[in-house]
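Some notes on the structure that comes next.
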Amino acid sequence: MSLRWEQVVVDCRDQLALSRWWVDVLGWEIVGSDEGDTELRNPEGGATLLFLNVPEEKTIKNRLHLDFVPDDQDAEVARVLALGATRVDVGQADETWVVLADPEGNEFCILSAR
């Protein structure tokens, strides 16, 4: 194979504010920023997150979302909610994961601990 996963791009209205929020959530670092985009990287390496300004608001459920595995699901859900995430119902019922949204409404999941 000649393809290598480079990044996930997140469309948003305020790339600087949203990327800073994700820095607080993930503990990642900003590796580049200008007027239209901000890139985050895990200090341990891997693909990056690129936050890209777009003119339109988010209006429907994400077609792609991020899943995170915590050491302690309850503690991480509480921490991320305290940072400004909101709970989201996407029809998940009583599953083992928790669906949340970032301040611009992008859904992501905190799975149960492994």
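Is it true that some residue in the range 3-18 is farther than 18 Å from PHE108 by Cβ and hydrophobic (A, V, I, L, M, F, W, C)?
The answer is yes; a qualifying residue exists.
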Of the residues that make up the range 86-96, is at least one within 26 Å of GLU6 (Cα to Cα), surrounded by 16 or more Cβ atoms within 10 Å (Cβ to Cβ) and at pLDDT 90 or above? no
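Can you name every residue in the range 68-85 that is surrounded by 10 or more Cβ atoms within 10 Å (Cβ to Cβ) and of a type in the set (D, E, K, R)?
Restricting attention to the range 68-85, the residues satisfying the condition of being surrounded by 10 or more Cβ atoms within 10 Å (Cβ to Cβ) are 68-70, 72-81, 83-85.
Selection gives ASP72, ASP74, GLU76, ARG79.
Which residues, counting only those in the range 34-66, are among the hydroxyl-bearing types (Ser, Thr, Tyr) and closer than 17 Å to GLU6 by Cβ? Please lay out each step first, then the result.
Narrowing the range 34-66 to residues among the hydroxyl-bearing types (Ser, Thr, Tyr): 38, 48, 59.
Passing the criteria: THR38, THR48.
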Please indicate, with yes or no, whether at least one residue in the range 34-53 is touching a helix residue (DSSP H, G or I) at 6+ places or on another chain (Cβ under 7 Å), surrounded by 13 or more Cβ atoms within 10 Å (Cβ to Cβ) and among the aromatic types (Phe, Trp, Tyr). yes
Those residues that are in contact with a helix residue (DSSP H, G or I) (Cβ under 7 Å, 6 or more places away or on another chain) and part of a helix (DSSP H, G or I), I need them from the range 68-114; list them, please. VAL80
The conditions are (1) closer than 22 Å to ALA17 by Cβ; (2) of a type in the set (Val, Ile, Thr); (3) more than 12 Å from the chain's Cα centre (by Cα), and ILE110 fails exactly one of them. Which is it? (3)
Could you please find all residues in the range 97-114 being surrounded by fewer than 17 Cβ atoms within 10 Å (Cβ to Cβ) and over 22 Å from GLN15 (Cα atoms)? TRP97, LEU111, SER112, ALA113, ARG114
Listed by range, strands (runs of 3 or more DSSP E) wholly within the range 1-67 having at least 1 residues that are in contact with a Phe, Trp or Tyr (Cβ under 7 Å, 6 or more places away or on another chain) are 7-12, 37-41, 48-53
Those residues of the range 14-33 which are over 19 Å from VAL69 (Cβ atoms), in contact (Cβ under 8 Å) with a residue 40 or more places away in the chain and surrounded by 15 or more Cβ atoms within 10 Å (Cβ to Cβ), in sequence order: LEU18, TRP21
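Just to be sure before I move on: is GLY27 closer than 20 Å to LEU111 by Cα and outside the structural domain of ARG114 (by TED's automatic domain parsing) in the structure I sent? Spell out the reasoning first.
Values: closer than 20 Å to LEU111 by Cα: yes; outside the structural domain of ARG114 (by TED's automatic domain parsing): yes.
Spelling it out, GLY27 is indeed closer than 20 Å to LEU111 by Cα and outside the structural domain of ARG114 (by TED's automatic domain parsing).
The values are calculated or read from the model by the stated rules, or taken from the named source; none is laboratory data. Only a predicted model underlies this, so the values are computations on that prediction, with no experimental measurement involved. Note that we place each Cβ from the backbone using ideal geometry, even for glycine, and neighbour counts take in every protein chain shown.
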